[in-house]
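Okay, structure first, notes after.
The values are calculated or read from the model by the stated rules, or taken from the named source; none is laboratory data. Note that the structure is predicted; figures quoted are calculated from it, not measured. Cβ atoms come from the backbone with ideal geometry, glycine included; neighbour counts cover every protein chain shown.
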Amino acid sequence: MAATHETVEQVRALAEQKYKYGFTTDIDAETAPKGLNEDIIRFISAKKEEPEWLLQWRLRAFEAWKTMQEPHWPKLDYGPIDYQDAYYYAAPKLKNKPKSLDEVDPELLRTYEKLGIPLKEQAILAGVEGTEGQAPAIAVDAVFDSVSVATTYKAKLEEMGIIFCAISEAVHKCPELVQKYLGSVVPYTDNFFATLNSAAFTDGSFVYIPKGVRCPMELSTYFRINQANTGQFERTLIIADEGSYVSYLEGCTAPQRDENQLHAAVVELVALDNATIKYSTVQNWYPGDANGVGGIYNFVTKRGACRGVNSKISWTQVETGSAITWKYPSCILQGDNSVGEFYSVAITNNRQQADTGTKMIHIGKNTRSTIVSKGISAGRAQQTYRGLVKILPRAEGARNHTQCDSLLIGDQCGAHTVPYIESRNRSARVEHEATTAKISEDQLFYCRQRGLSEEDAVSLIVNGFCKEVLKELPMEFAVEAQKLVGISLEGSVG
Amino acid sequence: MATTHSTPTGDTAAARPYLDQIDRLKGELPGAALSRVRELRRDGRERFAALGVPTVRQEAWKYTSLRPLEKVAFEPATAAAAAGTHIDVLPTVRPAGQTGPRLVFVNGRLRADLSSTDGLPDGVVLTGLADALSSHADFVGERLGRLANADEHPLVALNTAVLADGPVLHIPRGVVLDDPIELVFVSAAADGRATVFHPRTLIVADPLSKAVVIEHHVGPGGAPTFANHTAEVFVGEGATLRHYKVQREQTDAFHVSHAAATVCRDACYDNFILTSGARLSRNEVHAVLDGTGASCHVSGAYLVTGEQHCDTTTLIDHARPYGTSREVYKGAIDERARAVFQGKIIVRPGAQKTDGHQLNRALLLSDTAEIDSKPELEIYADDVKCSHGATAGELDDEALFYLRSRGIPKEEARGLLIASFLAEAIDEIPEEPVRDAFAAIATGWLAARRGGAR
Amino acid sequence: MIEIRNLHATVDGKEILKGIDLTIGPGEVHAIMGPNGSGKSTLSYVLAGRDGYEVTKGSVSFYGEDLLAMEPEERAAAGLFLAFQYPVEIPGVANMTFLKSALNAMRKHRGEGDLDAMQFLKLVREKTRSLNMTDEMLKRAVNVGFSGGEKKRNETLQMAVLEPKFAILDETDSGLDIDALKIVADGVNALRSPERSMLVITHYQRLLNYIVPDHVHVLAHGRIQRSGGKELALELEQKGYKDFGVEEAA
């Protein structure tokens, strides 16, 4: 089909597609020497003035990591990673620890401004279609390389008993909560990357929502890798106590660099009785250029435990960045009647590779899970959906529905679907559907007959394809995500 | 810490007894004069020694453990035992009193006394491999080992290392066989000795020919048997080959089979496997659609109970444009049985306009039954239509209630619903006598189930 | 004014249209009737510019412009509208979004500015009211889960909003019962105007009781075999197409 051919050509022409977050910030950084060993771990731990138990925990993880092998099962093709050739600690040099936002280095504030992240405590005027008046405020924790540089709205949230701060701060502020829950969902021996993170994590966000509290604003962490040759190993821990609710947003970008950078994060969520956590990610790490040079290697372990009855954890992700993505946000449905959800749009273009999906482990009775995955491959990208639905014998009445659709644009890319479905309870009902297709000729012609250009038609159809997922995002994020869908496929969808 | 992206190997220690058997059998195998056959066997042994017995650490065997094999000391089948085994009744899909072309194998060895090739058109070859290695040496030598990949599949390698006998069928160009060909495989542990054997099947359908092949796998039981089948099926341009199999061995049998088919331009390959036997079974079907417009239907039904383990693994490889594939599997799993379904569809670059569809639906009939499904799509072409579906669950309560409210007793109602559930797969068989015979076997299984503990 | 001259077209290398001549003046409604396989739908796709329909000979002048040289969206912007026999489903895209994108694309083509959400909503409400429709349909995804009648009504609404100079109605009656047919025909009749020409393609005379044409043409074997007034349709109803070498009841 000539039209598709053109589209493919345009994707190619857009090879040097502008990644608008590719700038670097010129700021003095303090880095630990390259490589990872016990000394570096002690150094990181000391920098954070951590208690002994945490240092010991890190060291145990490091011991375990040395015996582990990088997983080879993902459908990803990349050269060997030299884990000793990266910096494990980089922090912007701060003369004194800033006590308020006013004391934060203006260069850093400018960086976040440039990224469109509000680090000011004020209502932001909506540039948002369809919303009227002011958009709700968002509390932001900004993580720059290895440290959290600012957290907004802390005081306001504290009035309600909500703790939202850097995890390094939480270790001092509420050590009992951190000690109780850290590693309780993703143990330090979990997998190669999570174990590496457990040994070397530098910062990340911590959230605690007390009993019965509905968090009044979206909480958000914004991750930025700035320093060259630096790995980012952040650790996020969110605990929603009984009957509470929180919606959490995560965004990420990195400068455009020719070498690959490693990002191995761990996110742990704990939802107790009747609690709900909604976790949304727009992942826009630098994807590398058209020839696959540079870009972030993103190896992330995200897992939520629905510990309590009627608890709910919902993951929504829009993945457009990274050279390599390895990521399976999962739900362990322990509490009876608990609910897990996974909504994902993953777009890979040029030479990007993504192996992503979810795991839903049904343990409790009447647990329910929904998986909606929409994958779009263009250019020479390879994308795999990998998912596990596991129904354990006690999960009486469990339900799962999985819908997994792939859209291919051009004939050089690949889309793969690898679901694992394991059921050991007869009253459970598990349904999995997957389709792979391209944009149909009929649809394109219909749109063009109504006057749309081919590019607009493709864009319209792709956004329609993703809609089930995009509608799950909070409004502030949805607009960003929709734009991102456009930018990521620019040339192929206009 | 550079990483090595290697797959874990199998259990090479567990391979030891089989390697010893290979070395002992070596002198007795037919066709030793043919260099190609000698090479095949030598390479097969080498690969098997290197690959070892598959383990659950390997992705392809994630859900099926061959550990139970290790607990049995299998002896290689002997020609004398095969010849001496008494067979009462041979299974058939034909109406009573009718006969037709048929080969009977006991422990993988042809029993000419029970076989018949009467009425086959001129040019059709239907015989045992041991015989064909001398009577059709060139024909067989050229084709053996071309499709079944011993490099990747350890049990194919093991089969190849000792290939000796099994069915050979050649249908020449344009020949249409109206009468189905029946292949009967009897697994018999002579004198109560655990027995292992490795039958090798070769089917060659030349361009524009057509044939229907029905395999029956049975065994009287008494002691464990381990049948390790490998089949190679060539379907030439415009040919149609319908390949059906029913496996009803006793529940102390191990049954592993690997069928590799290549389907040429505009040709059609049908495969249907009905499984209700064996303690542990694995049916692997690999079909390569290697010509424009080739099609295949690979379907089946599995009915397992007790401690049975039944694994169905399929690979449909769309290598050329305009191919169509359709898979429909249905399973009923009772008591403590476990079923595994792994189905993969690959669409190679350039295989545009591929239309691939796959469905696996499993019914769990007890609280301890288990189903593990892994339907996979691997797609490298953009102008394709591919889908798969998998479901697991129990019978529809509402339907059951509806039937009971009309006066049908509970167990009978369940039986009816299970039968109609299975029919969706069995109806995929276009050959009426085969379809009816398979449906009758499924009905028999259901009746036995109802008549049992419940 | 649309002038089709000696139009030949092939599909998959097979000649389907074998020399069509047809002139449609402003405000005129022409009907093309013909048996299955006569080339009716091919004509509509050729005029709308679908890929795979290759014109091998002849010309089409659309208000003085060379229609055949244009891309499908350019034809749409020039004022050609095809009401599809089988309207296409586009999952996830709201009808409203679709229509707004289409209208603004055409406005842009004509050098006019975009309508904003409010202006657009006002326009659409007006049109739905004039067609006796509710705007419930606008919130749903384009044609997804629509009944046969809803799909055809949706086509009519799109025509009302996009205001073409020339509308081709391809088998608008297919899949409709008589009640649904009346509703759609009422909509189409409401859109008749001295500036708008229409080409109604149908297999059955029935539709022409409701959308009364000025001229009727019989298409068979890739050519217009006969032309006449609306009475020709009635004649076909009685005699079928056998005079044209086709054994089939009309």
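Of the strands (runs of 3 or more DSSP E) lying entirely inside the range A:147-237, those carrying at least 1 residues that are at pLDDT 90 or above are A:163-166, A:205-209. The helices (runs of 4 or more DSSP H) falling completely within the range A:1-111 that include 3 or more residues that are modelled with pLDDT under 70 map to A:2-13.
Of the residues A:Ile361, A:Ile371, which is among the hydrophobic types (A, V, I, L, M, F, W, C), at pLDDT 90 or above and within 21 Å of A:Gln283 (Cα to Cα)?
Values: A:Ile361 fails: within 21 Å of A:Gln283 (Cα to Cα).
A:Ile371 is the lone residue from the list that is among the hydrophobic types (A, V, I, L, M, F, W, C), at pLDDT 90 or above and within 21 Å of A:Gln283 (Cα to Cα).
Out of C:Leu43, C:Leu17, C:Leu47, which single residue is touching a residue at least 40 places away in the same chain (Cβ under 8 Å) and farther than 24 Å from A:Leu452 by Cβ? Spell out the reasoning first.
Details: C:Leu43 fails: farther than 24 Å from A:Leu452 by Cβ; C:Leu47 fails: farther than 24 Å from A:Leu452 by Cβ.
Sole residue among the options that is touching a residue at least 40 places away in the same chain (Cβ under 8 Å) and farther than 24 Å from A:Leu452 by Cβ: C:Leu17.
Of the residues C:Gln205, C:Gln158, C:Gln238, the single one that is surrounded by fewer than 19 Cβ atoms within 10 Å (Cβ to Cβ) and of a type in the set (S, T, N, Q) is C:Gln238. Against the condition on the phi > 0 side of the Ramachandran plot and surrounded by 17 or more Cβ atoms within 10 Å (Cβ to Cβ), how does C:Gly111 come out, does it pass? In short, no. Of the numbered criteria (1) of a type outside the set (Val, Ile, Thr); (2) in contact (Cβ under 8 Å) with a residue 60 or more places away in the chain; (3) surrounded by 17 or more Cβ atoms within 10 Å (Cβ to Cβ), the one C:Tyr63 fails is (3). Just give me the residues in the range C:156-176 being within 26 Å of C:Ile4 (Cβ to Cβ) and part of a helix (DSSP H, G or I), in sequence order. Scanning the range C:156-176 gives C:Thr156, C:Gln158, C:Met159, C:Ala160, C:Leu162.
Residue-wise test of (1) more than 7 Å from chain A (Cβ to nearest Cβ); (2) modelled with pLDDT of 90 or more; (3) over 30 Å from A:Glu441 (Cβ atoms).
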site	(1), (2), (3)
B:Ser366	no, yes, yes
B:Lys385	no, no, no
B:His388	no, no, no
B:Asp396	yes, no, yes
B:Arg404	yes, no, yes
B:Gly407	yes, no, yes
B:Ala425	yes, yes, yes
B:Ala440	yes, yes, yes
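Look at (1) surrounded by fewer than 19 Cβ atoms within 10 Å (Cβ to Cβ); (2) part of a loop (DSSP other than H, G, I, E, B) and you find that C:Asp179 fails only one, number (2).
Yes/no per residue for (1) among the aliphatic types (A, V, I, L, M); (2) in a helix (DSSP H, G or I); (3) at the interface with chain A (Cβ under 8 Å from one of its Cβ atoms); (4) in contact with a Ser or Thr (Cβ under 9 Å, 6 or more places away or on another chain):
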residue: C:Leu68; (1), (2), (3), (4): yes, yes, no, yes
residue: C:Ala76; (1), (2), (3), (4): yes, yes, yes, no
residue: C:Leu82; (1), (2), (3), (4): yes, no, yes, yes
residue: C:Val88; (1), (2), (3), (4): yes, no, yes, yes
residue: C:Gly92; (1), (2), (3), (4): no, no, yes, no
residue: C:Thr97; (1), (2), (3), (4): no, yes, yes, no
residue: C:Ala102; (1), (2), (3), (4): yes, yes, yes, no
residue: C:Met106; (1), (2), (3), (4): yes, yes, yes, no
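The conditions are (1) touching a strand residue (DSSP E or B) at 6+ places or on another chain (Cβ under 8 Å); (2) modelled with pLDDT of 95 or more; (3) within 22 Å of B:His136 (Cβ to Cβ), and B:Gln247 fails exactly one of them. Which is it? With (1) touching a strand residue (DSSP E or B) at 6+ places or on another chain (Cβ under 8 Å); (2) modelled with pLDDT of 95 or more; (3) within 22 Å of B:His136 (Cβ to Cβ) applied to B:Gln247, the lone miss is (3). When B:Ile418 is tested against (1) within 14 Å of chain A (Cβ to nearest Cβ); (2) buried (at least 20 other Cβ atoms within 10 Å of the Cβ); (3) in a loop (DSSP other than H, G, I, E, B); (4) not charged (D, E, K, R), exactly one condition is not met: (3).
Answer yes or no as to whether B:Ser115 is polar (S, T, N, Q), more than 30 Å from B:Leu51 (Cα to Cα) and buried (at least 18 other Cβ atoms within 10 Å of the Cβ). Please lay out each step first, then the result.
Details: polar (S, T, N, Q): yes; more than 30 Å from B:Leu51 (Cα to Cα): yes; buried (at least 18 other Cβ atoms within 10 Å of the Cβ): yes.
In short, yes.
Taken over the range C:22-66, the residue count meeting the criterion of being assigned to a strand (DSSP E or B) and either over 30 Å from C:Lys108 (Cα atoms) or away from chain A (no Cβ under 11 Å) (or both) is 19.
Tell me, which helices (runs of 4 or more DSSP H) wholly within the range B:100-202 include 2 or more residues that are under 16 Å from the mean Cα position of the chain (by Cα)? If you could, list the steps in order and put the result at the bottom.
Numbers: elements: B:129-135, B:137-143, B:154-161.
Ranges flagged: B:154-161.
Within the range A:437-494, restricting attention to residues that are within 14 Å of another protein chain (Cβ to nearest Cβ) and on the phi > 0 side of the Ramachandran plot, the residue that is modelled with the highest pLDDT is A:Gly451. Restricting the first residue to the range A:365-388 and requiring it to be within 17 Å of A:Glu422 (Cβ to Cβ) and of a type in the set (A, V, I, L, M, F, W, C), which pairs with a second residue that is crowded, with 24+ Cβ neighbours inside 10 Å and at pLDDT 95 or above meet a Cβ separation below 6 Å and a spacing of at least six or different chains? Partner pairs satisfying both residue conditions: A:Ile371/A:Phe342; A:Ile371/A:Thr358.
Let's see how each residue does on (1) over 22 Å from B:Gly389 (Cβ atoms); (2) not β-branched (Val, Ile, Thr):
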| residue | (1), (2) |
| --- | --- |
| A:Asn425 | no, yes |
| A:Val430 | no, no |
| A:Glu433 | no, yes |
| A:Leu452 | yes, yes |
| A:Glu455 | yes, yes |
| A:Leu460 | yes, yes |
| A:Glu468 | no, yes |
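With the condition kept exactly as written, say whether any residue in the range B:130-138 is in contact with a Pro (Cβ under 9 Å, 6 or more places away or on another chain) and surrounded by fewer than 15 Cβ atoms within 10 Å (Cβ to Cβ). Yes, because at least one residue in the range B:130-138 is in contact with a Pro (Cβ under 9 Å, 6 or more places away or on another chain) and surrounded by fewer than 15 Cβ atoms within 10 Å (Cβ to Cβ).
Being modelled with pLDDT of 85 or more and not in a loop (DSSP other than H, G, I, E, B) is the filter here, so list the residues in the range B:67-87 that pass it.
Within the range B:67-87, the first condition is being modelled with pLDDT of 85 or more, and the residues that meet it are B:67-77.
Matches in the range B:67-87: B:Arg67, B:Pro68, B:Leu69, B:Glu70, B:Glu75, B:Pro76.
Among the residues of the range B:317-337, what is the count of those that are at the interface with chain A (Cβ under 9 Å from one of its Cβ atoms) and surrounded by fewer than 24 Cβ atoms within 10 Å (Cβ to Cβ)?
The initial filter retains those residues of the range B:317-337 that are at the interface with chain A (Cβ under 9 Å from one of its Cβ atoms), namely B:333.
Imposing the further condition that a residue be surrounded by fewer than 24 Cβ atoms within 10 Å (Cβ to Cβ) reduces the set to none.
Number of matching residues: 0.
Residues of the range C:67-86 include none that is closer than 21 Å to C:Ser193 by Cα, among the hydroxyl-bearing types (Ser, Thr, Tyr) and surrounded by fewer than 19 Cβ atoms within 10 Å (Cβ to Cβ).
Strands (runs of 3 or more DSSP E) wholly in the range A:254-307 with at least 2 residues that are in contact with a Leu (Cβ under 9 Å, 6 or more places away or on another chain) - which ones?
Values: elements: A:260-263, A:266-271, A:276-283, A:295-306.
Of the strands (runs of 3 or more DSSP E) lying wholly inside the range A:254-307, those with at least 2 residues that are in contact with a Leu (Cβ under 9 Å, 6 or more places away or on another chain) span A:266-271, A:276-283, A:295-306.
Figure legend. Inter-residue proximity from the range A:63-80: first residues within 9 Å of chain B (Cβ to nearest Cβ) and more than 15 Å from A:Ala354 (Cβ to Cβ), second residues among the charged types (D, E, K, R) and surrounded by 12 or more Cβ atoms within 10 Å (Cβ to Cβ), beta-carbon distance below 9 Å, spacing 6+ or different chains. Indicated pairs: A:Pro80/A:Glu70.
Looking at A:Arg380, is it more than 9 Å from chain B (Cβ to nearest Cβ), part of a loop (DSSP other than H, G, I, E, B) and at negative phi? Yes, satisfied.
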